[in-house]
Amino acid sequence: MANHKSALKAQRHSLKRRAINRSNRSALRTTLKRFNEKLDSKKPEALETAKNGLADLYSSIDKACRKKALSSNAAARQKSRLTRRLNEALK
């Protein structure tokens, strides 16, 4: 346990940031999970929904990147892989 006033404040701040970061990562994972479920279903209507929801997925990935829940390279890599999977599923 911290003893100095500044160390106590830093610890409080760290716990708050940890909760916020966990929430941001969880929201991103949920969005990715829903998109992947649509791709895995192989149903044409689900694939169309996934195609229409790609912009929303990009938005949530970029938002996670802005909030430092994801690095910019990881965000680009995820967007690239998900787009490739969608295009292969639509063939």
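The values are calculated or read from the model by the stated rules, or taken from the named source; none is laboratory data. Nothing here was measured: the structure is a model prediction, and the numbers come from that model. Neighbour counts run over all protein chains shown; Cβ positions are idealised from the backbone, glycine included.
Selection of first residues in segment 65-91 that are under 17 Å from Arg17 (Cβ atoms) and of second residues that are among the charged types (D, E, K, R), restricted to Cβ pairs under 7 Å at least 6 apart or on distinct chains, gives the following pairs, ordered by first then second residue: Ala69/Arg25. Whether a residue is within 23 Å of the chain's Cα centre (by Cα), part of a helix (DSSP H, G or I) and closer than 14 Å to Arg85 by Cα was assessed, and Leu57 passes this test.
The residue that is nearest to the chain's Cα centre (by Cα), among those in segment 1-24 that are in a helix (DSSP H, G or I) and of a type in the set (A, V, I, L, M, F, W, C), is Ile20.
Any residue that is over 25 Å from Leu90 (Cβ atoms) and either aliphatic (A, V, I, L, M) or at pLDDT 95 or above (or both) - is there at least one of those in segment 27-47? Yes.
For segment 1-39, filtered to residues that are over 20 Å from Asp56 (Cα atoms) and among the hydrophobic types (A, V, I, L, M, F, W, C), the residue that is surrounded by the fewest Cβ atoms within 10 Å (Cβ to Cβ) is Met1.
For residues in segment 46-82 being basic (Lys, Arg) and out of contact with any Asp or Glu (no Cβ under 9 Å at 6 or more places or on another chain), which is surrounded by the fewest Cβ atoms within 10 Å (Cβ to Cβ)? Break it down into steps so the answer makes sense when it comes.
So in segment 46-82, the residues basic (Lys, Arg) come out as 51, 63, 66-68, 77, 79, 81.
Applying the additional criterion that residues be out of contact with any Asp or Glu (no Cβ under 9 Å at 6 or more places or on another chain) yields 51, 63, 66-68, 77, 81.
Numbers: Lys51: 15, Lys63: 16, Arg66: 12, Lys67: 15, Lys68: 12, Arg77: 12, Arg81: 10.
Within segment 46-82, the match that is surrounded by the fewest Cβ atoms within 10 Å (Cβ to Cβ) is Arg81.
Go over the candidates Ala27, Ala69 one by one and state the one that is part of a helix (DSSP H, G or I) and not aromatic (Phe, Trp, Tyr). Let's see the steps before the verdict.
Numbers: Ala69 fails: part of a helix (DSSP H, G or I).
The match here is Ala27.
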